[in-house]
1. Restricting to region 1-38, count the residues that are surrounded by fewer than 17 Cβ atoms within 10 Å (Cβ to Cβ), out of contact with any Gly (no Cβ under 9 Å at 6 or more places or on another chain) and under 14 Å from ILE80 (Cα atoms).
2. Can you pull out every residue in region 311-364 that is farther than 25 Å from ASN398 by Cα and not in a helix (DSSP H, G or I)?
3. Between LYS302, LYS227, which is crowded, with 18+ Cβ neighbours inside 10 Å and charged (D, E, K, R)?
4. Test of understanding: among ASP242, ASP176, ASP166, which residue is at pLDDT below 95, surrounded by fewer than 23 Cβ atoms within 10 Å (Cβ to Cβ) and farther than 26 Å from GLU368 by Cα?
5. Condition check: in a strand (DSSP E or B), aliphatic (A, V, I, L, M), farther than 21 Å from THR113 by Cβ and in contact with a strand residue (DSSP E or B) (Cβ under 6 Å, 6 or more places away or on another chain). Does ALA270 satisfy that?
6. What's the number of the condition VAL291 fails, among (1) closer than 27 Å to ILE336 by Cβ; (2) open to solvent by less than 50 Å² (accessible area, probe 1.4 Å)?
7. Residues being surrounded by fewer than 16 Cβ atoms within 10 Å (Cβ to Cβ) and closer than 17 Å to VAL17 by Cα: count how many of those fall in region 59-77.
8. Could you go through region 31-41 and let me know if any residue there is under 27 Å from GLU171 (Cα atoms), within 25 Å of the chain's Cα centre (by Cα), in a helix (DSSP H, G or I) and touching a residue at least 40 places away in the same chain (Cβ under 8 Å).
Amino acid sequence: MNISDFKNPFFIGVAGVGMSAIAQYLQGIGKNVSGSDRYFHPDEYNKTKEQLENEGIKCFLQDGSGITAETDLVVVSTAIEETVYEVKKAKELGIPIIKRSQLLAMIAKSKKTVAVAGTSGKSTTSAMLFQILLDAGLEPSIISGAGLTSIIKQGKIGNAYVGKGDWLIIEADESDGSVVQYEPEIGLLLNIDKDHQEIDELIELFTIFKNNTKGLFVVNQSNTLAKTLSANVNNDFGFETDAGFTAKNFKQEGFKLSFEIDNQEFTMNAIGQHTVENATAAVAVANQIGVDLTTCAESLSKYEGIYRRHQILGQKNGVWVIDDYAHNPAKCAASIKACQPLAEKVVAWFQPHGYGPTRFLRQDFVEEISNTLRENDEIWMSEIFYAGGTAVKDISANDLIEDIKAKGKKAFFVEDRNQFLEKVKPLLSENSVLLLMGARDPSLEEFCKDLYEKL
């Protein structure tokens, strides 16, 4: 099956970030797209639904009414179960059903694709590379796991864009194993850290990804495990390494970063060494596609970031409030570290996601966070976000907090996140940063904004 074999695709779960991106992309290339979502309710406003409808995508309740004899493909995300009424209806009508990742692999085959892989930084690096190629006049397309601020400003969801050029940038996800389905022109591997799977499983997945890459394969020479998969160090990137593209003379002053690649100066409105690594990855790919370093630097100086990735909500009473999607141990540690140059004290709050993942990563969370906290810094956690399903609730965020306390760090548990502000407020002084971390809970955005308003 290829991309020209269908005209009227239907997405079950169309409001999800991964699904809505592909739906918008297909609508943008001339398909007649429709979809449903369990979050759509009669007579109830839904922002995502409105944004999809503005793109011309027809939205339905998840009651089967959207699937008709005209529908020639049904797309499901990994979260959709066989028992969903619409899946049954599609089977009754004999309509082919495919997973989101299979469809993305099919789209990737229809373009010159850059697939961005790794356990952290995929969305950020994809967005930076998209911005560079856009500013270089290459008219790229993107299908991303997060909204780009520059596209969100146009009133869109921001996670997809259809350009007239040859290049398409996608994220190749390892968490559901779908990274092995892509055969990109260029494969980019940012890092390998324990997240959803054990390390040996990850190495196996990324090795297949490397072997499936048809052209250039680019890895991070600063990441111990990623560099073991290097094809050619001259094509690679890193932070103070001997890679072909290496970031040197890194400085962070407030919310401004500066660094050099091959004697070209770069400045960005962002924070953290991990941002510089991601930027260097984007530059390594763009330059090898044919964009000169000066253009890359000009582009990145205007880069506006992505939704809920170190998003600065503002400053109140001398306290900066930052909202971040960090949810695995390496990301939480990098997020805290990036805030440390901003203030003498970082107060980090974290809502772990899912009982299974928290149990699996308990030791790593404790080690990474404890090693990152300075004497003044604090970590607060609220109870684990329950994502549904048949989870065994035999672990609490408080277990992680007790482990971190045992290492002599300042750690606090506040079970109900709605009580966090009143408990933390007396401890916030001028010259501190309040960092809010968590992922995959749709209500976090509102929670963070609300907390900032009340500060």
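1. 0
2. Hits for region 311-364 are GLN311, ILE312, LEU313, GLY314, GLN315, LYS316, ASN317, GLY318, VAL319, TRP320, ALA343, GLU344.
3. Working: LYS302 fails: crowded, with 18+ Cβ neighbours inside 10 Å.
After applying the criteria, what remains is LYS227.
4. Numbers: ASP176 fails: farther than 26 Å from GLU368 by Cα; ASP166 fails: at pLDDT below 95.
Going through ASP242, ASP176, ASP166 in turn, the sole match is ASP242.
5. No: the conditions fail for ALA270.
6. (1)
7. 0
8. Within region 31-41, none of the residues are under 27 Å from GLU171 (Cα atoms), within 25 Å of the chain's Cα centre (by Cα), in a helix (DSSP H, G or I) and touching a residue at least 40 places away in the same chain (Cβ under 8 Å).
The values are calculated or read from the model by the stated rules, or taken from the named source; none is laboratory data. Since the structure is predicted, the reported quantities are computational estimates derived from the model, not experimental observations. With ideal geometry, Cβ positions are generated from the backbone for all residues, glycine too; neighbour counts draw on all protein chains shown. Protein only, heavy atoms only, side chains kept; ligands, DNA and RNA dropped before computing areas. Shrake-Rupley method; radii C 1.70, N 1.55, O 1.52, S 1.80 Å.
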